[in-house]
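Engineer: Input: one structure, supplied below.
Taken together, the values in this text are just the output of simple stated rules run on the coordinates, not laboratory data. Note that this is a predicted model, so its numbers are computed, not measured. As a convention, Cβ positions derive from the backbone with ideal geometry for all residues, glycine included, and neighbour counts pool all protein chains shown.
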Amino acid sequence: MSSKRRNGMFKLRKFISTIVILAFSTLTWVSVSSIEHNIFAFGYGPLAGESGFPLACDSDINSNIAVFDGLKNAVIIYDKNLSYKGSFLITNKISATPFNLTFKFSPDNYLYIFLSEEILKYDLNGTLLNSFLLREKPVLVGKVIKNFIPLSNEKILFKDEFTGEVFIQALGKNEEPKAINIGENNRLIDMDCFGGSIFLLIVSNNLGYQSGYKIIKLSESGEIIKDFNLEFQPESLDIPIKISVSPDGRVFIMFDSFSYGIYDENLQIIKTNKLKDITPDDQISSFIGYTEERLVIPNPTKGVQIFKGEDLKQIIAQVNTSEGKLLLPISVAASDSNIFVYDDLTRKINFYVYENIKRSFLISELIGPIPPAQVKIELFAAEDGNLFVTSVGLGLTIKKYNPQNGEVRDVKIPEYIPPRASIYIRPQDCRIFIYSWFDSILYSFPENVDRVEKVQIKRQESSLYGSNNICRVDSSGNIFILSPVLKRMNVYDKSGDLVLSFNLSREAYYVDFKFFADSVAFLDQINGKIEIYSKRGELEETIGQFGAILYPKDKNEYGLEKGKFNFPSSLSTTANKIYVADSCNSRIQVIERTSNKEGKIVVELQIGSKSAYINGIRKDLDVPPFIENGRTLVPFRFIGEALGASVNWIAEEKKAIYELNEVKVEIIIGNKTAYVNGKPITLEVPPKISNGRTFVPLRFVSEALGASVIWEAETKRIIITYPGG
């Protein structure tokens, strides 16, 4: 994924709006209150020593290496032996990933990070020591700064992209920047600083032609120390593009062909080489010179690669994309037990039954190659368990995927529908809705496209605010259109007439919404919250807060910090669950709405899994069910308590007793005879204790309690239904 694409995907905007709620009698809504939730998570991302999207790195004067991971907005630290030492979050506010990221140590050993208009100064422990907003400096008005190198004492050396001039600026002082004379016909390509000296990579222009390349060495105050011309072979077409100085004082020049030269502190050539195992597809945008004549290159798709000579020697902060792992889940769709997740970094769709992964495949298998900078991928799950995959960009594409047999089918879209649009596929009937931003027409049709209906939406606001609007249509045909820019929800009837308008939080940035029971669930990306409103605009509850999971040692730690979200990107809803793509925490979080209604009880278990479900609500088992000698054994106490029984354990007799309504069940560990209301029943295998929990044969549950049992051999899933009442 290119940085340009990532920038577009993560761009955040804040606008101020006035709260106005207009109520109309044409719609009837139901309000929900006093609701309890159960939250759990599945999926995991980078662990200790790994990264997700390494965009930049640098080394300090002690040869420690810091890596910027664009996935988690975090810094990863390695010592001079290339051992992982720790990490820290850059800032608790989400920033756009800039086109030209500055990530550099200063000569006095502080880490400077340039995000958009703000410069952040950190020490190696992750303490934010200072921050500087460039727009607050009047002396810099009119100057375009894309990147810089930090100098000692909170000074920076930067190039004005508008004029090409080079300046030194004291960040803590409001004084005019000092101009650096690099020569009338010279243009700065790149720059670095080491040991009190500045090194500039320059191209010379004479009469409009590039006549040569040079390195200019200056003091930190800007005085020229040495001017050195780079030598080339006459037939060489290599162009120098980057300069870096290693902690041991070597000067490295990288060329566009991935060849490089190493110079000593006097700018005398030491050696040249050309890297192997690097291609233009690797998206390399920076490098640093390192000790012992090594190069360190952040490769966003592989990790931070360390070369010596022409060979790759080691990878740190490795990007691990093994099956089952999530890096950047940006779209989630769920229906009953089927869950689908699209990971934008691995370009894979993961198919889960509950949280157990069943298949992982490249999205190109469904929709073919996609131009990464121009396509938005969304997933929609139908109630019948099938998946719809949509892509919006230069064109519109909809594919239908059957997870049972792997069949993929094209959904035909009429050619006259404009490509810049919001797509929604209603889960109940698979009806397709496409809202055109261009002409504000809502097109709708069934998946077989036998007849297209058109509704002209009578939009009130300027067309300038129409782009990127999100449209959904509820089961009654009411049309909901969210403007993320205005932070406003407009509701239209089937004819396209406005019937209701309400404003949302001014401090939020909404990227998705779905219908949830009789309410609407909104996803606030910047603050990591789910806000649930009634359909007439009354805020009912807010769930979640910002929280980041960095690089735990154990993947199970991704299941902690429940209800904390880091830049979530989409949500999906079922009857009692909200699924959230917790993108920068590399996981899916599930919010269950609990219920205590009486009625039948359905218990679902899976062989080898510690996750069980009671009426769709997830519970954790101490010990999973298992198969032994061809017999399925299930946890006796858990099932009994799930069905509402009272359970007692008599230790000296190794006997378990539980009572449910008028049924009393007694079992003895190691004994094939059990008793139901005093009547002996012979078990297939005797009850046993496994890891401190009592297990009994599955069929005994049905015989003893009057519950029905379904065994799904293919998925090894157990469904126990008790009629209740």
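Engineer: From Cα pairs below 8 angstrom and at least 6 apart in sequence, can you work out the relative contact order of the chain, rounded to a whole percent? Don't skip to the end; give the middle numbers.
Structural biologist: Numbers: 1730 pairs, mean separation 79.5, N = 725.
The normalised contact order for the chain reaches 11 percent.
Engineer: Which residues does a label at Ser131 reach in the stretch 61-80, if reach means a backbone N under 19 Å from a point 7 Å past the Cα toward the Cβ?
Structural biologist: Answer for this model: 68-76.
Engineer: Apply the Karplus parameterisation 6.51 cos²θ - 1.76 cosθ + 1.60, with θ equal to phi minus 60°, to every residue of the stretch 554-560 and state each ³J(HN,Hα) to the nearest whole Hz, in sequence, with x for glycine and proline.
Structural biologist: Per-residue couplings from phi come out as 10, 4, 5, 5, 5, x, 8 Hz.
Engineer: Here's a follow-up. Work out, step by step, the length gained on full extension between Asp123 and Ser462: first 0.36 nm times the residue separation, then minus their alpha carbon distance; give nm to one decimal. Show your work: numbers first, answer last.
Structural biologist: Values: separation 339, 0.36 × 339 = 122.04 nm, distance 4.71 nm.
Difference between extended and current length: 117.3 nm.
Engineer: What does the charge add up to near Tyr342, with Lys and Arg as +1, Asp and Glu as -1, over the other residues with Cβ less than 9 Å from its Cβ?
Structural biologist: Values: positive: Arg347, Lys348; negative: Asp343, Asp344, Glu378.
That sum, taken over residues with Cβ under 9 Å, equals -1.
Engineer: Further question on the same structure: How about the stretch 350-459: which GluC sites (Glu not before Pro) there are in a DSSP loop, with at most 10 other Cβ atoms within 10 Å of their Cβ? Could the numbers behind the result be given before it?
Structural biologist: Values: sites: Glu355, Glu365, Glu378, Glu383, Glu407, Glu415, Glu447, Glu453; in loops: Glu355, Glu383, Glu407, Glu415, Glu447.
Here the sparse-neighbourhood loop sites are Glu407, Glu415.
Engineer: Here's something else I'd like to know. Return the whole-Å distance between the Cα centroid of the stretch 153-188 and the Cα centroid of the stretch 240-315.
Structural biologist: 27
Engineer: I'd like the Karplus ³J(HN,Hα) series for the stretch 160-167: coefficients 6.51, -1.76, 1.60, θ = phi - 60°, whole numbers in Hz, and an x wherever there's a Gly or Pro.
Structural biologist: In residue order, the calculated couplings are 7, 5, 6, 9, x, 6, 10, 9 Hz.
Engineer: For Asp512, list long-range residues whose amide hydrogen, built 1.01 Å from N in the peptide plane, is under 5 Å from its own amide hydrogen.
Structural biologist: Those qualifying (amide H under 5 Å, at least 5 residues apart or on another chain) are Leu523.
Engineer: Need the full-extension length gain, Phe162 to Lys679, defined as separation in residues times 0.36 nm minus the C-alpha distance. One decimal, nm.
Structural biologist: Details: separation 517, 0.36 × 517 = 186.12 nm, distance 9.18 nm.
Difference between extended and current length: 176.9 nm.
Engineer: Could I ask something else about it? Lys and Arg at +1, Asp and Glu at -1: add these up for the other residues within a Cβ distance under 12 Å of Leu498 and post the number.
Structural biologist: Working: positive: Lys458, Arg459, Arg488; negative: Glu461, Asp493, Asp497.
Taking every other residue near Leu498 into account, the sum is 0.
Engineer: What ranking do 470-476, 712-718, 41-47 get when scored by the average of other Cβ atoms within 10 Å per residue, highest first? Intermediate values should be presented prior to the final figure.
Structural biologist: Details: 470-476: 16.7, 712-718: 13.1, 41-47: 23.6.
Output ranking for 470-476, 712-718, 41-47: 41-47, 470-476, 712-718.
Engineer: For every other residue with a beta carbon closer than 9 angstrom to the beta carbon of Phe132, add +1 if it is Lys or Arg and -1 if Asp or Glu, then tell me the sum.
Structural biologist: Numbers: positive: Lys121, Lys137; negative: Glu118, Glu136, Glu154.
Net local charge, Phe132 excluded: -1.
Engineer: P(r) of the chain in 20 Å steps, Cα pairs, percent per bin?
Structural biologist: Over the chain, the share of Cα pairs per 20 Å bin runs 15, 39, 31, 12, 2, 0 percent.
Engineer: Using only DSSP helix segments of four residues or longer, with each worth -39500 (n - 2.57), what per-residue ellipticity at 222 nm results for the chain after dividing by its residue count and rounding to 500? Don't skip to the answer; put the middle values down first.
Structural biologist: Details: 4 runs with 26 residues, N = 725.
Mean residue ellipticity, 222 nm, calculated: -1000 deg cm²/dmol.
Engineer: Please report Lys173, Lys562, Lys348, Lys121 as a ranked list, fewest other C-beta atoms within 10 angstrom at the top and most at the bottom.
Structural biologist: Values: Lys173 11, Lys562 15, Lys348 22, Lys121 18.
Going from least to most buried by this count: Lys173, Lys562, Lys121, Lys348.
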